[in-house]
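S.K.: Once you've had a glance at the structure underneath, I'll fire off some questions.
None of the figures in this text is laboratory data; all of them are computed from the coordinates on show. Given the structure is predicted, the values throughout are model-derived calculations rather than measurements. Because the Cβ atoms are built from the backbone with ideal geometry, glycine has one as well, and the counts that use them run over all protein chains shown.
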Amino acid sequence: MLYWALIFFIVAIIAALFGFTGIAVAAASIAKILFFIFLVLFVVALIMALVGRRGPPVP
């Protein structure tokens, strides 16, 4: 998902350079949304990994 956010960010930069402001704004907003979704999923996975840890096994 971070890959797609990066792709849309690059498309937004290229579109802005050529003056396609509508396309640049749309691509940038899609990239921003995908980045925040990725960020939320990363934080959830990190919390689940920390909470899911168990102590050392009892012999």
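S.K.: Just to verify a number: FRET efficiency for VAL40 and ILE10, C-beta to C-beta distance, R0 = 22 Å, to 0.05?
M.R.: In this case the efficiency is close to 0.50.
S.K.: Which value at 222 nm does the chain reach when only helices count, each DSSP H run of 4 or more adding -39,500 (n - 2.57), with the total divided by all residues and rounded to the nearest 500 deg cm²/dmol?
M.R.: Helices in the chain give a 222 nm mean residue ellipticity of -28500 deg cm²/dmol.
S.K.: How large are Rg and Dmax for the chain when calculated on the C-alpha trace, in angstrom?
M.R.: 18.5, 67
S.K.: Given R₀ = 35 Å, what would the calculated FRET efficiency be for SER29 paired with LEU50, taking r from the Cβ atoms and rounding to 0.05?
M.R.: Here the calculated transfer efficiency is 0.65.
S.K.: Please order LEU2, LEU34 by the number of other Cβ within 10 Å, starting at the fewest.
M.R.: LEU2, LEU34
S.K.: Taking only Cα atoms, what is the 0 to 90° angle, nearest 10, from helix 21-51's long axis to the longest principal axis of the chain?
M.R.: Between helix and principal axis, roughly 0 degrees.
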